[in-house]
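Everything below concerns the one structure shown next.
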Amino acid sequence: MEQQNQNNFKRELGLLDGTMLVIGSMIGSGIFIVSSDIARQVGSSGWLTLVWIISGIITMIAAVSYGELSAMFPNAGGQYVYLKEAYNKLIAFLYGWSFFAVIQTGTIAAVGVGFSKFAAYIIPALSDENILMDLGAFKLNAAQIVSIITIVFLTYLNSRGVKNSKMLQTVLTVIKILSLFGLLVFGFILAAKAEIWNANWADVWTPKSFDKVTTSWLPISGMALVSGIAAAMVGSLFSSDAWNGVTFIAGEIKNPKKNVGLSLFLGTLTVSIIYVLVNLMYLAVIPFDEIATAKSDRVAVVASEYIFGNVGTLIIAIMIMISTFACNNGLIMAGARVYYTMAKDGLFFKKAANLNDASVPAWALWAQCVWASFLCLTGKYGDLLDFVIIIVLIFYILTIYGIFILRKKMPDAERPYKAFGYPFLPMVYIIVASAISIALLVTKTSTCGWGVLIMLVGIPVYYLVKEKE
């Protein structure tokens, strides 16, 4: 059976391709937006930087831990198979269900809303402040419509075949990386000021929280600080997510037993360094209070205004729109592929396994489109991040604990690569990610709770699907 699956794919992607896929999937809208919210949650340059460093370290720990699993199952197709092998079909299905219901679609929605944030900078009428319909509890705004239009367009493009969407992805990813690199270099060279840098680092470890109602800073400590750090890490962890997409295409990677794990490490290391440097650039260019109070959290636009003036802000807004557009194209393409593979394995709805005339899983694409569009209507960018990150963390914890289970369950299995720092580093990830998850459930029950509830709804769905098989 494994040989048959292998014959369906051509191993055409090398180490560089895999690494670029990891980098391209990780860099979306987050790095241009979330530092503003992180600044409001923790209130100092030291804590802001530390949040990004911690997020980078635990993301890299997760990535190098996944290397062992990707080497063990090089043709399998990613995280859901690791869960099936370590646990059972139910846990694997819950991942597939959550991937569809929350993780991938919620991320697509959040990135779509991120796109609209920067579109609104160029055309203010597209802002989330432009309410088109007010039904009391539900308000439809222009930004939500923009987000949905981009998702529908990219879904249509992908439903016509992979050639155009792959070409678009390559071009836009190159532009995205160059624009981020340009922002970083020109920020340090043209706009960094010693007085701003020194002022931002003057009171480096005094944590504060920004009250939007009174527009003032309040000192925090104890549990309030823990809650603030957990809330702050939602944005940085979301910005660092989607690195595991390369595991879904292991069947197309050359020498996957080596290159998948290595591309995970190199990709997450590169992006983590870029993210920390970009935040240091923000701190060298923008007074801290302005980072925290950036309009619509568009901190990258504020930075580019300091760097290039008014013209530069338009350029950077367009570049960020390109970045988010490319990110969503990749997410939409990869997501449908995962549902298709799961359906082939009997772990997802059977219609998701159907291919259209262009040899793509159109039913899976449009089902993903409809649900992601609905999620665009449910909340703002920050709400969507809470919604996604809690489920992402739960399944990362389960998957990495699966390494411990598989070491006992399959002691003699071939392991061309073993998790770096095992058992210490994987356990560090499990402890830190569990602590963040618990803090989020306690402090952000209204958003994170819904994410968990949708995941649990997958249990009866699993038994309904199972009965029909």
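The values are calculated or read from the model by the stated rules, or taken from the named source; none is laboratory data. These figures come from a predicted structure and were not determined experimentally. Cβ placement follows ideal geometry from the backbone for every residue including glycine, while neighbour counts extend to all protein chains displayed. When the accessible area is computed, the model is the full protein with side chains, heavy atoms only, and any ligands, DNA or RNA have been set aside. Shrake-Rupley method; radii C 1.70, N 1.55, O 1.52, S 1.80 Å.
A few remarks follow.
- Under the simplified labelling scheme, the Asp357-Val185 pair shows an inter-label distance of 4.7 nm, with each label point 7 Å from Cα along Cα→Cβ.
- Alpha carbon centroid spacing (whole Å) that separates region 52-115 from region 279-297: 31
- Oblate is the label for region 297-443, because the ratio a/c of its alpha-carbon gyration tensor axes (a ≥ b ≥ c) is 1.5 or higher and a/b is not greater than b/c.
- Ellipticity at 222 nm from helices only: DSSP H runs of n ≥ 4 in the chain, each -39500 (n - 2.57), divided by the residue count, give -23500 deg cm²/dmol.
- Angle in degrees between helix 424-443 and the longest Cα principal axis of the chain, rounded to the nearest 10: 60
- Each part reduced to its alpha carbon centroid, region 304-341 and region 170-212 end up 18 Å apart.
- Across region 363-427, Cα-Cα pairs farther apart than 14 Å form 72% of the total.
- Crossing angle, helix 299-308 versus the chain [Cα axis fit, 0-90 degrees, rounded to tens]: 60
- Chymotrypsin sites (Phe, Trp or Tyr not before Pro) within region 178-258, DSSP loop, no more than 11 other Cβ atoms inside 10 Å: Trp205
- For the chain, the Kirkwood radius over C-alpha pairs fed into Stokes-Einstein at 25 °C and 0.890 mPa s yields D = 109 µm² per second.
- Compactness of region 49-92 was expressed as the Cα radius of gyration divided by 2.2 N^0.38 Å, which yields 1.44.
- Here the scattering of region 271-350 is modelled by Debye summation over its C-alpha atoms, one equal scatterer each and no solvent; at q = 0.13 Å⁻¹ the log10 of I(q)/I(0) is -0.58.
- Rounded if a/c under 1.5, otherwise prolate or oblate - region 155-229, Cα gyration tensor axes: oblate
- Applying a DSSP loop filter and a limit of 10 other Cβ atoms within 10 Å to the chymotrypsin sites (Phe, Trp or Tyr not before Pro) in region 62-170 leaves Phe138.
- Magnitude of the charge dipole, the chain, Cβ model with Lys/Arg +1 and Asp/Glu -1, debye to 20: 1060
- Degrees between helix 362-376 axis and first principal axis of the chain (Cα, 0 to 90, nearest 10): 30
- The residue list Pro426, Ile291, Leu50 was ranked by how far each Cα lies along the charge dipole of the chain toward its positive end, using unit charges on Cβ atoms, and Pro426 comes out on top.
- Rough spin-label spacing in nm, given labels placed 7 Å along Cα→Cβ, for Asn88 and Ser216: 5.6
- Against the criterion of solvent-accessible heavy-atom surface with a 1.4 angstrom probe, Asp412, Asp211, Asp203 sort, most first, into Asp412, Asp203, Asp211.
- Local net charge near Lys139, Cβ-Cβ under 15 Å (Lys/Arg +1, Asp/Glu -1): -3
- FRET efficiency for the pair Glu129 and Val311, taken as 1/(1 + (r/R0)^6) with r the Cβ-Cβ distance and R0 = 22 Å, rounds to 0.35.
- Enclosing the Cα atoms of region 377-469 in their convex hull gives a volume equal to 162 cubic angstrom per residue.
- Divided by 2.2 N^0.38 Å, where N counts the residues, the Cα radius of gyration of region 152-303 comes to 1.34.
- Global geometry of region 214-319, whether rounded, prolate or oblate, following the gyration tensor of its Cα atoms and the 1.5 cut on a/c: oblate
- Charge sum, other residues only, whose C-beta stays under 15 Å from Ile394's C-beta, Lys/Arg counted +1 and Asp/Glu -1: -1
- In plain terms, the chain from Val204 to Val370 could stretch by 55.2 nm, reckoned as 0.36 nm per residue minus the Cα-Cα distance.
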